[in-house]
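Worksheet for the structure shown next.
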Amino acid sequence: MIKVRVFVTYKQSVFDPQGDTIAKTVHAIGHSEVESVQVGKFFDLSLKTTPDQVATVVKDIATNLLVNFNMETYTYQVLEG
């Protein structure tokens, strides 16, 4: 079993309203050292596949289900396996 975490975030060119709101609130509670906040989501997948197929499987799932490529991008990290 291979465990993978897929991170989905807004592209740099897309305005992130949640991140902007959080950044403003962080500043309001006195943390002016925070320059920006980017909000995203992650998905943990347990895969029954070989290590050399992980990238292909993750790309297919991300492309067809998890990511809106007009606004978002993804990365992934193998957690174990």
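The values are calculated or read from the model by the stated rules, or taken from the named source; none is laboratory data. Remember, predicted model here, so these are calculated numbers, not experimental data. FYI the Cβ positions are ideal-geometry reconstructions off the backbone, even for glycines, and counts take in every protein chain you see. Keep in mind that these areas ignore ligands, DNA and RNA; they rest on the heavy atoms of the full protein, side chains included. Shrake-Rupley method; radii C 1.70, N 1.55, O 1.52, S 1.80 Å.
Restricting attention to region 1-21, the residues that are open to solvent by 90 Å² or more (accessible area, probe 1.4 Å) and assigned to a loop (DSSP other than H, G, I, E, B) add up to 4. From the list Lys59, Lys41, Lys24, exactly one residue is more than 15 Å from the chain's Cα centre (by Cα) and either open to solvent by 80 Å² or more (accessible area, probe 1.4 Å) or within 17 Å of Arg5 (Cβ to Cβ) (or both). Which is it? Every option except Lys24 fails the conditions.
If the condition is being modelled with pLDDT under 95 and among the small types (Gly, Ala, Ser), then region 1-19 contributes only Ser13. In the set (1) at pLDDT below 95; (2) polar (S, T, N, Q); (3) not in a loop (DSSP other than H, G, I, E, B), the condition left unmet by Ser36 is number (3). Given the criteria part of a strand (DSSP E or B), of a type outside the set (Val, Ile, Thr) and open to solvent by 70 Å² or more (accessible area, probe 1.4 Å), does Phe69 qualify? No. Looking across region 41-81, the residues that are of a type in the set (S, T, N, Q) and without any contact (Cβ under 8 Å) to a residue 40 or more places away in the chain come down to Thr50, Gln53, Thr56, Thr63, Asn64, Asn68, Asn70.
Answer with yes or no whether Gly30 is open to solvent by less than 40 Å² (accessible area, probe 1.4 Å), modelled with pLDDT of 95 or more and over 13 Å from Val78 (Cα atoms). Here the answer is no, as Gly30 does not meet what is asked.
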